[in-house]
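Here's the structure, in structure tokens; my notes come after.
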Amino acid sequence: MLKSIGAVIGSYVLSILLVICSDPLLSRLFPGDFVKGHIPSSNALLASTAFFVVVSIFCAWLCARIAPSRPGRHVLWFFILGEVLGLAATVPNWSKGWPHWYWLSWLLTWPISCWIGLMLSGRSNAQPSTQSAT
């Protein structure tokens, strides 16, 4: 049970960290766009969304790969956690001047990214995790 919780929460925390760590790169690619109090340009937001999708796919793949059993169920919980926290972040930011498509794109690409990550993992729900026998 703890391994399952760790796989889901650990993958989700990693996704948050990787998205946050992409900020310096995006700031270099789009100078002046990612400064506090400024709404970035559409191109910068598109790039941010693209990074988010790549990170989401990777972390869903990782969640499925490290799941002790039933990778589909683990990725489902990863999806649910991300969607609930994504909604919790979207609601307070909805009226702050950012384009609505930006928030919606993250919410709508999350389930697709989770599914792609699960499919790329190559693990079906019947396969146990690869563990060395001792």
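The values are calculated or read from the model by the stated rules, or taken from the named source; none is laboratory data. Just so it is clear, the model here is predicted, and its values are computed rather than measured. So basically every Cβ, Gly included, is an ideal-geometry build from the backbone, and we count neighbours across all protein chains shown. Areas reflect the complete protein model, heavy atoms only, side chains present, ligands, DNA and RNA absent. Shrake-Rupley method; radii C 1.70, N 1.55, O 1.52, S 1.80 Å.
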Practice item. Would you work out the relative contact order for the stretch 12-80, in percent, from Cα pairs under 8 angstrom that are 6 or more residues apart? Key: 29 percent
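Multiplying the sequence separation of V84 and K3 by 0.36 nm and subtracting their Cα-Cα distance, what value in nm do you get? Display every interim value, and only then the final one.
Numbers: separation 81, 0.36 × 81 = 29.16 nm, distance 2.17 nm.
Fully extending the segment from V84 to K3 adds 27.0 nm.
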Review point. Pairing the Cα long axis of helix 2-29 with the longest principal axis of the chain, what angle in degrees results, from 0 to 90 and rounded to the nearest 10?
Key: 30 degrees
Practice item. First compute the accessible area of the chain with a 1.4 Å probe, then give the percent of it belonging to carbon and sulfur atoms. Key: 71 percent
Review point. For the chain, with the dipole built from +1 on Lys and Arg beta-carbon atoms and -1 on Asp and Glu ones, taken about the Cα centre, which of W103, V53, S11 lies farthest toward the positive end?
Key: S11
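Rounded to the nearest whole Å², what accessible area per residue is found for the chain with the 1.4 Å probe?
Dividing the accessible area of the chain by its residue count gives 61 Å².
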Check your understanding: Ordered by packing density, taken as the mean number of other Cβ atoms within 10 Å over each peptide's residues, highest first, how do 59-67, 89-97, 25-33, 47-55 rank?
Key -> 59-67, 47-55, 25-33, 89-97
Revision key, fill the gap. Residue separation between L29 and H100 times 0.36 nm, minus their alpha-carbon distance, gives in nm 23.3 nm
